[in-house]
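K.L.:
This structure is in structure tokens; I'll ask about it shortly.
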Amino acid sequence: MAVLRHVTGYVLATLASTTVLTAAGSSADAQLRYCAEHDYFVKKLEQQFDEQRSGLGITTDGKLLELFVGPRGNWTILVTLPGGATCIMTEGGGWQDSEPREEEPLA
């Protein structure tokens, strides 16, 4: 679980600082083409792709970012806008958990 939290944190932080923050303007929000109710996506990801939520985070502008991962390495990132619409941000395959880095002693 610590491995997943580490990787998920990295992915979420990277996306929050790049892609998601660029979607702050109304024209960029329009680029989120596949939008529906949050529960609809969660059910579809579970039923059709066997994906479960692996992590989540809140962006600095109030968007909820969620990572869903399936057992065959398939993954999807959803973003829920403050107004309530949930959209597929991106999806892919080949997801792999990485080994956690050992914490260095504080001295």
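The values are calculated or read from the model by the stated rules, or taken from the named source; none is laboratory data. Here the structure is a predicted model, which is why all the values come from computation and not from measurement. Note that each Cβ is placed from the backbone with ideal geometry, even for glycine, and that neighbours are counted across all protein chains shown. Calculation scope for accessible area: heavy atoms of the full protein, side chains included, ligands and nucleic acids excluded. Shrake-Rupley method; radii C 1.70, N 1.55, O 1.52, S 1.80 Å.
K.L.:
Could you pull the accessible area for residue 40 with a 1.4 Å probe, rounded to 10 Å²?
P.N.:
The accessible area comes out at roughly 120 Å².
K.L.:
Then there's this: Report, by chain and number, residues whose modeled amide H sits under 5 Å from the one on residue 51, excluding near sequence neighbours (fewer than 5 apart, same chain).
P.N.:
HN-HN under 5 Å from residue 51: 46.
K.L.:
Let me ask you something else. What is the gain in length, in nm to one decimal, between residue 50 and residue 96 on full extension, counting 0.36 nm per residue of separation less the C-alpha to C-alpha distance?
P.N.:
Here the segment from residue 50 to residue 96 would lengthen by 15.0 nm.
K.L.:
Show the residues, 5+ positions off or on another chain, whose built amide H is closer than 5 Å to the amide H of residue 89.
P.N.:
77, 78, 79
K.L.:
Count neighbours as other Cβ atoms within 10 Å of each site's Cβ, and list the trypsin sites (Lys or Arg not before Pro) in the range 43-89 that are DSSP loop with at most 13 such neighbours.
P.N.:
72
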